[in-house]
1. For A:PHE810 and A:THR108, compute 0.36 nm times the residue count separating them, minus their Cα-Cα distance, and round to one decimal in nm.
2. At 7 Å along the Cα-to-beta-carbon direction for both A:GLU526 and B:VAL107, put a label point, then send me their distance in nm to one decimal.
3. Beyond 21 Å between alpha-carbons counts as too far, so tell me which of A:LYS827/A:LYS857; A:LYS689/B:LYS120; A:LYS572/A:LYS710; A:LYS836/A:LYS1007 fall in that bin.
4. Return the distance in nm (one decimal) between the two label points of a simple spin-label model at A:ASP718 and A:SER1064, each offset 7 Å from Cα along Cα→Cβ.
5. Label-point separation (nm) for A:GLN1127 and A:LEU413, each offset 7 Å from Cα along Cα-to-Cβ?
6. Taking 0.36 nm per residue of sequence separation and subtracting the Cα-Cα distance, how much length would be gained by fully extending the chain between A:ARG251 and A:ALA401, in nm to one decimal?
7. Please list the non-local residues whose amide H lies under 5 Å from the amide H of A:LYS1009, H modeled 1.01 Å from N, same-chain partners needing a gap of 5 or more.
8. Amide H neighbours of A:LYS917 under 5 Å, at least 5 residues apart or on other chains, H built in the peptide plane: list them.
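The values are calculated or read from the model by the stated rules, or taken from the named source; none is laboratory data. This is a predicted model, so every value here is computed, not measured. Every residue, glycine among them, receives a Cβ derived from its backbone with ideal geometry; neighbour counts consider all protein chains shown. The accessibility values were calculated without ligands, DNA or RNA, using every heavy atom of the protein model including side chains. Shrake-Rupley method; radii C 1.70, N 1.55, O 1.52, S 1.80 Å.
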Amino acid sequence: MEEYPEELRTPPVPLITLVGFPELHPTISAHLNAEKPPINTLALPDFDKISVFAKPIDSADSSSSPPAGILKRDWLLKHRTKIPSVAVALFSSDHVSGDPSQWLQLSTLLDHLKTVIRTRNTKLVVVVVQTSPEDDMNEDRMAALRKRVELDSKYIVNFSMRDSSEVKQSLNRHDSLLVAVYAEFRRDWVEALKFYEDAYHALREMVGTSTRLPAIQRLVEIKTLAEQLHFKISTLLLHGGKLVEAILWFRQHCTSYKKLVGTAEATFLHWEWLSRQFLVFAELLETSSKNLPALPAQVSGVKDKALTEWELQPAYYYQLASRYLMEKRSCLELALSMWEIFGESNNPAESVIPSAYVGQFARLLEQGHEEVALQPLTDEEFIRYSIAEGKRFQDSFEIIALMKKSYEVYTGLKFPRMASYCSFHIAKEYYSLGEIKNAKQYFDSAVKLYRHESWTTLLWEILGYLRECASQDGSLKEFLEYSLEMAALPITSGDSTYKECGPAGPPSLQQREIIHKEILGLVTGESEFALKGADQNLRVTNDSPLHIEIDLVSPLRVVLLASVAFHEQVVKPGMPTQFTLSLLSQLPLPFEIDAIDVQFNQSECNFVIQNSQKTSSPANFTNQAGYRVETAPALALSTNKWLRLTYDVKSDRSGKLDCISIIVRIGSHFTICCRAESPASMDDLPLWKFEECLESFPTKDPAQAFSGQKAIQVEEPDAQVDLSVDADGPALIGENFIVPVTISSKGHSVYSGELKINLVDTRGGGLVSPREFEPHSTESHHVELLGVSGPGDENSLTTSDNIRNIQHSFGLISVPFLNGGESWSCKLEIKWHRPKPIMLYVSLSYSSQGHDVNMQKIHVHKSLQIEGQTPVLISHHMRLPFRRDALLLSRVKPAADAEKMPCLPLNETSILVVSAKNCTEVPLRVLSMTIEKDDNSLENSCTVHPASNQHTDAAPLNIVVPGEEYKKVFSVIPVANTPRTRIGTVCLKWMRDTGPLNQGVSGVLTKHKLPDANVEQSPLIVSLKCPPHGVLGDPFTYFIIVQNQTELLQEIKYSLLDSQSFVSSGSHNDTIFVLPKSEHILSYKLVPLASGALQLPRVTVTSSRYSATFQPSVAASTIFVFPVKPQFEMKTMEYSAEPMMLAAE
Amino acid sequence: MIVCVAVVGHQNNPLYIQSFNEGDDALKLHHIVHCSLDVIDERVNNPKKSGPMLNETFLGLLYPTENYKVYGYLTNTKVKFILVTTDLDVRDADMRNFFRKFHAAYVDAVSNPFHVPGKKITSRTFAERVSNIVKSFGLGSSG
């Protein structure tokens, strides 16, 4: 765009000339220049100078003959700087209204002016400057003046009229271009556009009609003009924001001129011209798109106009500009070679210059000293001149610059494929220029996408270039890599027509095979790699071996794919295990492998497979002593066919045995290192995965192809140490449960042994339950590991080098060195606080060789489930003494919550029976059972004593077999009247019954808290008294004693219901009054009439004050009657404590 | 005249590409087909710009190169059909018609139980059918 002259690129600027009154000129010029748009002024101080505008006489003559061209080259410039469109004559008002001589002078000047400007179509404005404001204009003179200059009155203005741009020019030039230029003057875009378009169309019509110039030059002239017109139109359209119209206009412009190629020798001029069209439009679009913020919005309207996304992008036009430039270059080269063949290149074209008309050239002939003459050219001369000109330009750099521009735009727009296409072209240009480094860079950026999207043909072409680059670069390795990739591309048929194929030729199977053979020749050292610029060619020899790496993402995976599958998943150390090594190649021809080196992560397992048919190959891998060498009958790889090899491998080290890489040697000095892949997790081959070809499994067993792994787990050696963990029966809560652990060596010595102990809840969840808060148990763990005691005494393990780390559920202790056959044991102490089954895990790790830290440890695991059981279940009963009942008011009117609490009468003896049931499966020995006061009860609210008739020292009796109960009776006398009385806690000391009792054994203490009791004052107490037994026919007395403990008189009703077993005497019904703090005794004489356990007559006592009725229980009113007086001694026993009777109840 | 048709798979890999014009360079046509994938991506990923043709399989004119026009079609399984023609004035209706026939041929080809989905289409019948469709294009446009 910058090539265009300025007057074409910028809007036209009007020119005005000022004549007369020179003192005003600077003011006017400055003002007009500051106008928008600016107006140039040409100030002439004197009217004499006006003759410069007059047309030269000779040109006036020539105008009669047909013009030599369409548009003069300097026309626009001329109208900007030389030929004014308006002449402004400035006169002082004195001249107008002055004396006649002045008037006459004025008239002459004006006449002269008019004659001059008439030839130029310049308009005249006469300005009469009033020097003093009070000057009165002479109307007559003004009219005369008007008449003299033959102008409309509006062209004659008074002083202040300055805005000359408003003056209308009425130009009648037929050339509508000029009209359009003038329309543009007036910022009348629409009008201007219309006239430009008219001009453009008129020009288009001239293509076929004009015969004025020789054909080629004529076309060049027309195209140049069309270019300028088009430029004007596009600028105007884009300036007006009409993006779509501009693009459509451009498209039309291109299609109408594209076919006007012209004669064969001048085609390059056409392509150059077309390329320039695209470039200029791209630049226009780029600059205007910055000013058009609404670009994306306009895209929506694109569909209707059949515009595509590309056509809005300057990148598209840049790209096409470079395309046509390439076209031009090839045509130019052709023309040049033609020219040189005919040997006409010696003719200098030095004196050809652009002629006076746009798009025309002429030869400059010197005719003497100063004078020059222009001679029209013949077509032949013109072509010669053009070719000479064309030779001067480096089109490649221009093409690269354009392509780079569009490459950047496309990359920015995230159009990767277009960008790749551009970079491919850039690279090709660089390649043809011989700039290999740049070329490679751009080829590389394009090749990635083609690989990724598997566009084989495109990949073939670009790889061909890259391969050639590597060859010119002298890089044998890269050359081989590209060659290998090309040879392994999935191209099977070459039936398509390929013309421009790059250095590799058309993609076909034959080409692949040729490349393959070439590679084989190189790697076996049979052929040489030609080094550019060096005398000696490169050869793969001992001094320059070649090594290629193929990893999991390499494009060369198609060349060689190595899959390794172990047949088993685990193996014992030292045991051989089989694995299958499979190799696959997509190279088109079969080839022989000299040797395969298999490498593992355990380097001592590495081995090499030699091809037996190639015995002469030097032992590259096998120079180390002890290296395993296998020999295979044939190692030939053919296309898409797995080469399967199965071998044994043996590892002595436990852990993972992983096959890392397979190194394949072809020839003597060429190696390919393939990363080994597991068949189970192997990716499809790139490119080939889209081919319809036979797919076979890398292993013979199809199941292994899906699950085979390239790594195997080598187990640790079998432990020759026994670990035994024993526990007899379930553990009991509270006791220190002992679990003996024994380590006995059966062959291995135990070095740096460690014993790990873990307690795990079998039901999941932790052994800790912080939510259950127990006030009397401080341990937060339900089960805890208390400690480990050694085989002898506990002190033997507390040496400093022994690790002892015991936590609640985890323990770690070290095991001393054990020789083969020795054993060591320890005891674990575990305590349960809750009934809970746990798993006890004990694991021993040791090394059998020595104290080396890096040595592999051998592990032995044992686990044991241990149940935690509640040993005893403690229950209790609260009783009043036999046949003595106290009225407890809270029992009569039970409240809702008072129900649960036992009630005890104040100052009365109550009986507490505590029983402990053995819930275990082993006999337990009860050491003692006491009731202890709680520490925090300040006053002694009740007294508890063991019942007097029990023998606490009878130790052998206290063994409780499973399921049996141990009972003990206590008497409780509340002494303080408090609503809640703590009775105490039952403390039971027990132990397992293990043989004779040692002195000093503490036993296990199990506590059971007795519930609080409600102590209340009893108002009435009813006691029944009768002998312990009766004899048939023998009378006895039955007393009912009612005791009033209140300060009130108590009214008591009683009644006695006769029993048929007895004859009774006494009143049956009565109401009595018992005095305060005294007692009333009712006595009955009874004679038993039958024997056995008989019911005494039922008595009912009712207190009317408390509306409470008492009836003795059946047990309390039963008596045994002997038929005759028994013949045995009988001690008198107290009624109060009769445990057997209570138990029977 | 149709010079090239292509079926492009999910990973933008060519499944079938065939050029019909002896005079044109096949590689150049391959480049054109490949580049026009950018436009398909653009149209598919920015459906807002495309406006009403949201559920339309026919993607319309993709790419006006110097001498060719490229049309696109996207099947419901996201397989792309691309056509390169030298006719500069083609009616959309004809194109739709062509693609419909082409789609039918493609569906028949991939319905073959021996065809593995996602692999290149090597069926000779498909190739013949496509070549027939291509030949008949333009002849039957009036009817």
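1. So the extension gain works out to 239.8 nm.
2. Taking the simple label geometry, A:GLU526 and B:VAL107 are separated by 5.5 nm.
3. Result: A:LYS827/A:LYS857 exceed 21 Å.
4. Those two pseudo-labels are separated by 8.9 nm.
5. Those two pseudo-labels are separated by 13.5 nm.
6. Working it through step by step, the gained length comes to 51.7 nm.
7. A:VAL986
8. Distant-sequence amide H within range of A:LYS917: A:LEU873, A:ILE874, A:SER875, A:TYR966.
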